[in-house]
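S.K.: For reference, the structure I am asking about is given below.
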Amino acid sequence: MTTERPHTVATLPISYLFVPGNRPERFAKAVDATPDAIILDLEDAVHPDSKAAARAAIWAWQESVPSVACQRYIRLNSVDSAFLRQDLTWLGDMRYPERCAGIFLPKAQYGEALCQVVEQLLAWQPELQIVAIIETAKGLQQVEAIAGIAGLSRLAFGSLDFSLDINCSQVPEAFLFARNRIVLASRTAGLPAPIDGVTPAISDLAMVNHDAHYAKSLGFGAKLCIHPAQLNTVQRAFLPNAGQLAWADRVMRAVASGSHAVQVDGEMVDLPLIEHAQRLLDVASLYAVPAKADAR
């Protein structure tokens, strides 16, 4: 039996927007783009010589901006990086830890060091949402153990770094095994549906749309974004559309009499599909998705 960890679906971001930590002029603009969450980045987007400046910029923004219209996350440097100790010391000294909704831990690989970092982060902010990014062969091999770490909130897939690590092409076929395993590990650990990696094509929204729908079809529940232009496309892909909601409404009206085997639109609908229909309606309600009376 799967043991569900407590999490509030309504607070789970669908679109996460990366912002380099050393570009403070972009912080407010990123928030104005209305992502569900922004990720202030201290890792790959920041040159080693700019790490200190990035920390200072994030600190100043956190201090001066009490609240924003989206959740605030910070991506720290990887556990095996020399910069992580500096990141943790910096976090420990930061006031208003409650202003940070969560932390992304890149290149996650299971071990005592990762467990200790999770414990230290939760001691700093007990309500922190900690996301482990699976982006190496070792991380994927250990994904079930990583997902089971107490205090971890969600998994993410770092497809670009993963392709570099195993020297594969950035095509869906090369990532299918990794994506499937991350989804299954999340489910068996009672975690929310994981977060898919970025689509590098910033302006090709057709590709963003394809990638997001593909990730959703595999069981992912969110996606990392690298440009504000990608946000609306990602959000729409992961939320039920008008046709799905109309079907769900027809299903629930058909089973109102108490039957768990009914015919809807000429097809047999039994309990699994009824539960799926209810889930679509619940998600639409939580994320305030507008519904239409009937759309086939």
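S.K.: If only one of Leu231, Leu224 is in a helix (DSSP H, G or I), of a type outside the set (Ser, Thr, Tyr), within 21 Å of Thr11 (Cβ to Cβ) and touching a residue at least 60 places away in the same chain (Cβ under 8 Å), which one is it?
M.R.: One residue alone meets the criteria, Leu231.
S.K.: So, in region 202-215, how many residues would count as being surrounded by fewer than 23 Cβ atoms within 10 Å (Cβ to Cβ) and within 13 Å of Pro172 (Cβ to Cβ)?
M.R.: Total meeting the criteria: 4.
S.K.: Which of the following residues is farther than 19 Å from Trp124 by Cα, touching a Pro at 6+ places or on another chain (Cβ under 8 Å) and crowded, with 17+ Cβ neighbours inside 10 Å: Pro24, Pro13, Pro20?
M.R.: Being farther than 19 Å from Trp124 by Cα, touching a Pro at 6+ places or on another chain (Cβ under 8 Å) and crowded, with 17+ Cβ neighbours inside 10 Å holds for just one of Pro24, Pro13, Pro20, which is Pro13.
S.K.: Please find, among Asp41, Asp80, Asp49, Asp32, the residue that is acidic (Asp, Glu) and either surrounded by 19 or more Cβ atoms within 10 Å (Cβ to Cβ) or touching a Ser or Thr at 6+ places or on another chain (Cβ under 9 Å) (or both).
M.R.: Asp41
S.K.: Could you pull out the residue among Ala150, Ala101 that is in the same structural domain as Phe18 (by TED's automatic domain parsing), more than 20 Å from Ala215 (Cα to Cα) and in contact with a strand residue (DSSP E or B) (Cβ under 7 Å, 6 or more places away or on another chain)?
M.R.: On inspection, the qualifying residue turns out to be Ala101.
S.K.: Restricting to region 237-263, name every residue that is of a type in the set (Lys, Arg) and either at positive phi or in contact (Cβ under 8 Å) with a residue 12 or more places away in the chain (or both).
M.R.: Result: Arg250, single match.
S.K.: Within the bounds of region 270-282, is there any residue that is outside any helix (DSSP H, G or I) and modelled with pLDDT under 85?
M.R.: Scanning region 270-282 turns up at least one residue that is outside any helix (DSSP H, G or I) and modelled with pLDDT under 85.
S.K.: Okay, next question. State all residues of region 56-82 that are touching a Gly at 6+ places or on another chain (Cβ under 7 Å) and more than 18 Å from Gln125 (Cα to Cα); if no residue qualifies, say none.
M.R.: The answer is Ala57, and nothing else.
S.K.: Looking at Val198, Val208, which one is in a helix (DSSP H, G or I) and either more than 26 Å from Gln116 (Cβ to Cβ) or outside the structural domain of Ala37 (by TED's automatic domain parsing) (or both)?
M.R.: Val208
The values are calculated or read from the model by the stated rules, or taken from the named source; none is laboratory data. The model shown is predicted, which means the values in this text are computed figures rather than measured ones. Cβ sites come from the backbone with ideal geometry, for glycine too, and all protein chains shown count toward neighbours.
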